[in-house]
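Trainee: I have a structure here, written as structure tokens, and I will follow up with some questions on it.
The values are calculated or read from the model by the stated rules, or taken from the named source; none is laboratory data. Computed from a predicted structure; not experimentally measured. Note: ideal-geometry Cβ built from the backbone for every residue, glycine included; neighbour counts use all protein chains shown. Heads up: the accessible areas ignore ligands, DNA and RNA and are worked out on the full protein's heavy atoms, side chains in. Shrake-Rupley method; radii C 1.70, N 1.55, O 1.52, S 1.80 Å.
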Amino acid sequence: MESTEPEPSDSRPEEEEEEEEEEEEEEEEEDDGALLAPKQRLAAMEDCLAKKMEITVSEAEKRTGRNAMNIQETYTAYLIETRAVESQSEGQCAPVESLWRRYSEFELLRNYLSVTYPHIVVPPLPEKRLSADNMDPDFVERRRIGLENFLLRVASHPVLCQDKIFYAFLMQEGGWKEMVNETGFQLKADSRLKALNATFRVKNPDKRFTELKHYSDELQSVISHLLRVRARVADRLYGVYKVHGNYGRVFSEWSAIEKEMGDGLQSAGHHMDVYAASIDDILEEEEHYADQLKEYLFYAEALRAVCRKHELMQYDLEMAAQDLTSKKQQCEELATGTVRTFSLKGMTSKLFGQETPEQREAKIKVLEEQIQEGEEQLKSKNLEGRDFVKSAWADIERFKEQKNHDLKEALISYAVMQISMCKKGIQVWTNAKECFSKM
Amino acid sequence: AASAPKPLPSSGPKSLREMPHPLATSSSEEMGPALTPSPDLLLPRSIADKDLSLPNGTPVDTSSPASSSSLLNRLQLDDDFDVETRDLFVTVDDPKKHVCTMETYITYRVTTKTTRAEFDLPEYSVRRRYQDFDWLRNKLEESQPTHLIPPLPEKFVVKGVVDRFSEEFVETRRKALDKFLKRITDHPVLSFNEHFNVFLTAKDLNAYKKQGMALLSKMGESVKYVTGGYKLRSRPLEFAAIGDYLDTFSLKLGTIDRIAQRIIKEQLEYLVELREYGPVYSTWGGLEVELSEPLEGVSACIGNCCTALEELSEDMTEDFLPVLREYILYAESMKNVLKKRDQVQAEYEAKLEAVALKREDRPKVPTDVEKCQDRVECFNADLKADMERWQNNKRQDFRQLLMGMADKNIQYYEKVRVALASI
């Protein structure tokens, strides 16, 4: 996997970009949900920010300050560095620009993107909080990498990378928060989405979305199970390796009382120490693999969110249609004087006397206006819905490709890692065997 | 009644063929069951002829090669037998289960091939059970108390915890019994012991055992080694060193045993987690389309890893741990022999002192003190020779053992690596 441009080390999304382009050129895209034809999609990707700009989250720093409630707090700030990529190698590098952001600002950005682009599977942020300590250096380091990854993912997304707020997040330190809030995106945010498990009875659900939602649930479940067991496996493996270190000590002690056997034992013991120590590096590499899986655990959540939004849209549509139908019926009843459906109004008018024809006329007029409004609304909602499905499905396809590619790579590099672990093990034990043979 | 103590053949470099057999001159009735209560006569001379096999007193051939070979021991610098000069081969194999009304037990086939004159036939094949090995070891300890007798695998097995009839247990025991006999075979003195001979050749060992038992009951205390509670003045440095060495050696082996057990335990716990880990990849593979192949691949790999790990743990349990434990037992029995040596020396010193105190005007040292001195020198020499042999064998045994351990680990990693390469 080679990148043709001088990219930062963590340029995975860019690399993935290149492969995706190749895949697309080879594939026959028959995509009725696609927003753009393959060639156009290619062009969009060429345009994406990640190609034009190097982005890194290079440092993390502890800060103290006063929060909104005027209480002193410590938090970590992250340094975002950006630099324009010169397309031709002029030999000169553009200057690096930088600014500091904290995690809550990243969250704000992501919320904004989720609301503004509901049909997009928005890249996830690294975990919100460890149970223990947000100041723990390992946690901060992993978070730094995760945040950088987030920015790169957004910057390589054909739609998201063009967002002005995102650009400002990268470039404009002061006044960014106000800028975001001015977009009024919070108003657009549907509070109903926050109720994760609330069900909306949709009469005609889109099968594809239902399946997708089911898939995202299963994916979340299986990845989190996998991560849990992997952690336990790693713990146990750690134990096995570390106990071997005890051999080192006892072989050394034993060698002291031996004559011919002494040297062999002593040096073998040294190899046992090496073996025991090697597990630390191995497990650290494995953490990287775990982080890759974790990203997709959270991505599954983002996928689910898109399905939910669609569900809600569908629900609203059906409610609106239902409302329209009932209004039409009411109108008809008033006009013809027949009561088809039971209504409280009808009953009360029967009980308390009929209306005057003028009253009835007025009512009919109001209803007719409402009906017209409703029909227009329904039309636009339908259109909205169709657009949503189209663009959502396009992004979902993009996401699927990305996911398959990334995870395949992750699995392969995991296997490679394990092979290297085996080779190290073989090496150490071969060395020990040689020492034993000299006893 | 004790016969008058005859001058025992000195353990010096005189050939024993020059000596009259101490018991040959006495009448058979006098000797009765061949062994008098006199402890002196029973004391070790590293010569096998004191323990007469025939209760009617028929003298045993005095020109026992054991005596000459024990002489050779002291003269030769290197008494390791080369394979080419070996004339005795013993193997233990073919375990079989016997179900009787009273009990169920296992017998092993003991095969002997030899060109030695002490054996009537060039080949023997007999069936023996653990009890028989145990008997043999006791007999060797009795009859050759100045030598280091190899250990047997542990006698008692906690029922319910270990299955006495499981393949693994029987195989582990078989290997240990085979090692036991081979160590005796390799020993220049022990291999000529007549109990050993009978063990290898007799069709009905029980009948022979009963004879020995009868003798035993008549002799009573006198057979047992006299531990007269004498205090030792000064232990010769080399034996003190051996004692210290054995103490530390046992300790270290004990530690290694614990470490090895801990590793096996950790490996098994690791295995438990792995067994859950693999299938999750499979489940995931079921969800996916494009990814299902690599996911299934990883799952299969983990399965192979589990199998390989199981094999490694089994090998360590069956091959590595028992040998360690054997050597710990060996060291213990060796320490006992050292104690006996101390006793013999103490007795000698006490007697010497007693004589000095009496201040009698004797031209020469009384014979019983001389005997003691002989005993001490004999014992020391035998022990030293055995220690050297033991050290050498121990080195080779551990070399093999530890290399084997390294090998098994290498094999494990190889298996896993090959499985991974297929992804």
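Trainee: Can you check what the net charge comes to around B:Arg174, using other residues whose Cβ is under 9 Å from the Cβ of B:Arg174 (Lys, Arg +1; Asp, Glu -1)?
Mentor: My count for the surroundings of B:Arg174 gives -2.
Trainee: Using the beta-carbon distance between A:Lys203 and B:Asp319 and R0 = 56 Å, what value does 1/(1 + (r/R0)^6) give for FRET efficiency, to the nearest 0.05?
Mentor: 0.20
Trainee: Using the Kirkwood radius built from alpha carbon pairs, what does the Stokes-Einstein equation give as D for the stretch B:85-211 at 37 °C and 0.692 mPa s, in µm² per second?
Mentor: My calculation gives 214 µm²/s for D.
Trainee: Which whole number gives the average, over all residues in B:302-309, of C-beta atoms from other chains lying within 10 Å of the residue C-beta?
Mentor: For peptide B:302-309, the averaged partner shielding equals 1.
Trainee: Ok, one more. Say each of A:Glu73 and A:Ser58 gets a label point 7 Å from the Cα, pointing the same way as Cα to Cβ; how far apart are those two points in nm?
Mentor: With each label placed 7 Å out from Cα toward Cβ, I get 2.8 nm.
Trainee: Considering only DSSP beta bridges whose two residues both sit in the stretch B:85-211, what percent are antiparallel, to the nearest 5?
Mentor: If I count the DSSP bridges inside the stretch B:85-211, around 95 percent turn out antiparallel.
Trainee: Another question, then. Quick one: order B:Leu237, B:Leu190, A:Leu317 from most to least accessible surface, probe 1.4 Å.
Mentor: B:Leu237, A:Leu317, B:Leu190
Trainee: Still on this model: Roughly what would the spin-label model give for A:Tyr289 and B:Asp120, points 7 Å off Cα along C-beta, in nm?
Mentor: Between A:Tyr289 and B:Asp120, the simple spin-label model gives 6.9 nm.
Trainee: Let me ask you something else. At a threshold of 8 angstrom on Cα-Cα distance, excluding pairs fewer than six apart, so keeping six or more, what relative contact order does the stretch B:85-211 reach in percent?
Mentor: 27 percent
Trainee: Give the average, rounded to an integer, of partner chain Cβ atoms located within 10 angstrom of each Cβ in A:398-410.
Mentor: Neighbouring Cβ atoms belonging to other protein chains average 2 per residue here.
Trainee: For A:Ala84 paired with A:Arg386, estimate the spin-label separation in nm (one decimal), with each label point 7 Å from Cα along the Cα-to-Cβ line.
Mentor: 4.2 nm
Trainee: Compare the peptides B:147-155, A:200-208 by average per-residue count of other Cβ atoms within 10 angstrom and give them in order, highest first.
Mentor: B:147-155, A:200-208
Trainee: What is the mean number of Cβ atoms from other protein chains located within 10 Å of the Cβ atom of each residue in peptide A:250-259, rounded to a whole number?
Mentor: 5
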